[in-house]
Amino acid sequence: MLTDTACRKAKGAEKPYKLSDAGGMYLYVLPSGYRSWRWKYRFGGKEKRLVFGPYPDITLAQARVLRVDAARQLRSGVDPSIDKRQRAAAQTVRAGATFRWLAQDWMDSQAATWTKGYAATVRRSLERDVFPKLGTVPIDAITTPMVLEVLRVIEQRGAIETAHRVRQRISEIYARGIGSGIVASDPAAIAQRALAPIRRGKQPAVRTIRTNAGTSTRGCRISSLTLCIVKAGQHDQNLWQQAIERFFMVAANRQAAACAQS
């Protein structure tokens, strides 16, 4: 087995040579004097080599720990060389990965299955509610409190369902990142429990409208049309409230015109 003294004394020669340690690991010395730790192993019936890094940046003791870790991966059926390349690639991507960048990657991946209208809706919601706060933040630096800060603003304008949908979209974006090895966890997942619950069942406005409409033919038409408006507007509380207000304003104007003619 090698000693640290032997590693320090290793000098460049006319041709590259090896100083063997144990378990297939060796110090590879180039004619220039550059020294690096390498490990020879077999995977899938083929002989392969894994470079741990330069000496003395990586000491003999550290190289042995790396060899033990790589051997453990090998016993688990993982090729250490491929794993190293994958981790290096993920680290390179992660270094420049902001939330906006990953969100765009996610939207691009869904483009084939989304309609143009739905794609525009998703983009608009992210541009309006999420990107101003999180767009330029590195994807692995975003925390659950930061996500909740974004969602609270949406809740405060009364759009509870919208807040839940935006949280779901953030989670889907993180699922894309987790699957790509860019990030390890989803900070939006636990945020769901902190959101206000979505109201289910009949809206008070609908019951009031039905009472005011009465049982006349015109009243039934008003009640039915109002239900359609409410149903269509369930995606945003503000939207359906505004739709109801517009409907009754038009109905009131028509009623006034009819009375004037009679």
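Just a few scattered comments:
- The set of residues in the stretch 170-196 being closer than 15 Å to V130 by Cα, in contact with a Leu (Cβ under 9 Å, 6 or more places away or on another chain) and assigned to a helix (DSSP H, G or I) consists of I170, I173, Y174, A191.
- Only a single item in (1) part of a helix (DSSP H, G or I); (2) on the phi > 0 side of the Ramachandran plot; (3) not β-branched (V, I, T) is not met by R167, and it is number (2).
- Listed by position, the strands (runs of 3 or more DSSP E) contained in the stretch 1-64 that have at least 1 residues being in contact with a Ser or Thr (Cβ under 6 Å, 6 or more places away or on another chain) and either hydrophobic (A, V, I, L, M, F, W, C) or on the phi > 0 side of the Ramachandran plot (or both) are 46-55.
- All positions within the stretch 97-141 that are basic (K, R) and in contact with a strand residue (DSSP E or B) (Cβ under 9 Å, 6 or more places away or on another chain): none
- Residue match in the stretch 8-18 (condition: touching a Gly at 6+ places or on another chain (Cβ under 6 Å) and surrounded by 12 or more Cβ atoms within 10 Å (Cβ to Cβ)): yes
- Taken over the stretch 131-158, the residue count meeting the criterion of being touching a residue at least 40 places away in the same chain (Cβ under 8 Å) and under 13 Å from A196 (Cβ atoms) is 5.
Every number in this text was worked out from the coordinates using simple rules, so none of it is lab data. The model shown is predicted, which means the values in this text are computed figures rather than measured ones. Quick reminder, even Gly has a Cβ in these numbers, built from the backbone with ideal geometry, and neighbours come from all protein chains shown.
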